[in-house]
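Report on the following structure.
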Ligand SMILES: Cc1cc2nc3c(=O)[nH]c(=O)nc-3n(C[C@H](O)[C@H](O)[C@H](O)COP(=O)(O)OP(=O)(O)OC[C@H]3O[C@@H](n4cnc5c(N)ncnc54)[C@H](O)[C@@H]3O)c2cc1C
């Protein structure tokens, strides 16, 4: 441990803080070196305390959810990684609104809505991760995204101040939200859904899960979903990056332990011992092919966390 303030952070936050924790345990890619400090926040007060304490001690912080959309450096991360595990509350009010903590699994929210005959989230069936990660990314599928359903949320800033944001404040766009610029941490969110028929909602969810199963890697295969965003450049409507990648002939590309998934050219999979550097190398090869063949510059959807906690979208 190089930073003398790490010891002070541990004294203040207690035994729950881990040192030199392997981050590959917390990412769906199963890739990533060690974090200097790692803290799993189980409730909002301890999340807020950890953020404030790190700020006072000038320790850089990165927040993660369930780790399904990140690629962590092989060298790990210098500073503190906070994993949001605040999963206390999920409830219905005003008949069609759901208040949900950001650490709750997105799939739990979708099931909860369906069990209570609330429709609107079916499109997201099968998207892994936490509610916080979904809002940060404005996760979506089949032309819909979570931002459309959100009416407000509670956040804390990097100084530890808590406040509410309205829907418009979130500035949702395609796989983007205000949180990506502000660094604010979502602690809970309110969604407005529509009354529906339980069997129809579950029917739609099952249909979508079956479609996803036929195209996506099965649960046991480490990956982080679509690696690149769909293409907007010069298009009236976003077009599938997967199709362009396929036409560019990347399906047999590999680098070290990283490979392009055979059924979907926009998925990079870890075949067992891939390093982050392999994934980055492979992604560059894929981008280059699409650029050469179609003149299109792909943009990463997966977020690369480099050693120094800068959120880099690799160019
Ligand atoms: C097999 C597979 C299929 C996928 N399919 C889809 C899909 O169809 N559509 C889609 O959109 N995505 C898809 N993804 C990507 C991923 O599931 C989503 O982006 C998901 O919403 C990420 O949530 P997470 O909790 O895992 O976030 P993480 O990967 O942990 O974090 C992603 C980003 O969100 C930030 N973040 C996390 N929690 C919070 C919070 N509480 N407050 C502020 N920032 C936060 C992190 O700092 C990080 O920058 C897929 C991934 C996999 C592995």
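Here, each number is a calculation from the coordinates, and none is a lab measurement. This structure is a prediction, so every number in the text was calculated from the model and none was measured. Methodologically, a virtual Cβ is constructed for each residue, glycine included, from the backbone with ideal geometry; neighbour enumeration extends over all protein chains shown.
Dividing the helix sum by the residues of the chain, where each DSSP H run of 4 or more adds -39500 (n - 2.57), gives a mean residue ellipticity at 222 nm of -8500 deg cm²/dmol. Between 103, 126, 249, which gets the highest mean-square fluctuation from a Gaussian network model of the chain, Cα cutoff 10 Å? Highest fluctuation among the options: 249. For the options 255, 283, 224, a Gaussian network treatment of the chain with springs between C-alpha atoms closer than 10 Å singles out 255 as fluctuating the most.
Summary of the geometry: the stretch 221-287 and the stretch 171-193, compared by the centres of their Cα atoms, lie 26 Å apart. With 0.36 nm allotted per residue and the present C-alpha distance subtracted, the residue 19-residue 169 stretch has 50.4 nm of extension available.
Taking 143, 132, 153 as the candidate residues, the one with maximal mean-square fluctuation in a Gaussian network model of the chain, Cα springs under 10 Å, is 143. Compared with the direct C-alpha span, the chain from residue 307 to residue 75 gains 82.9 nm at full extension, assuming 0.36 nm per residue. The label point for residue 182 and the one for residue 8, both projected 7 Å from the Cα toward the Cβ, are 2.9 nm apart. In terms of the Cα gyration tensor, with a ≥ b ≥ c the square roots of its eigenvalues, is the chain rounded because a/c is under 1.5, prolate because a/b exceeds b/c, or oblate? Oblate shape, in that a/c is at least 1.5 and b/c is the bigger or equal ratio.
For residue 243 and residue 271, the FRET efficiency from 1/(1 + (r/R0)^6), where r spans their Cβ atoms and R0 equals 35 Å, is about 0.90. By its C-alpha gyration tensor, with a ≥ b ≥ c as the square roots of the eigenvalues, how is the stretch 204-312 shaped: rounded for a/c under 1.5, else prolate for a/b larger than b/c, else oblate? Verdict is rounded for the stretch 204-312. If you restrict to DSSP beta bridges whose two residues both lie in the chain, what percentage is antiparallel, to the nearest 5? Once the DSSP bridges in the chain are tallied, antiparallel ones form about 75 percent.
Looking at the stretch 5-84 alone, DSSP beta bridges between its own residues are antiparallel in about 30 percent of cases. By the count of neighbouring beta-carbon atoms within 10 Å, fewest first, 142, 304 end up ordered 142, 304. Relative contact order for the chain: 17 percent, from Cα pairs under 8 Å spaced at least 6 residues apart, divided by residue count. With the simple model of a label 7 Å out from the Cα in the direction of the Cβ, residue 209 to residue 262 spans 2.5 nm.
Which of rounded, prolate or oblate describes the stretch 1-42 when judged by the alpha-carbon gyration tensor and an a/c cut-off of 1.5? Note, shape of the stretch 1-42 comes out oblate. Note on residue 219 and residue 288: their simple-model spin labels are 3.8 nm apart, each label 7 Å out from Cα toward Cβ.
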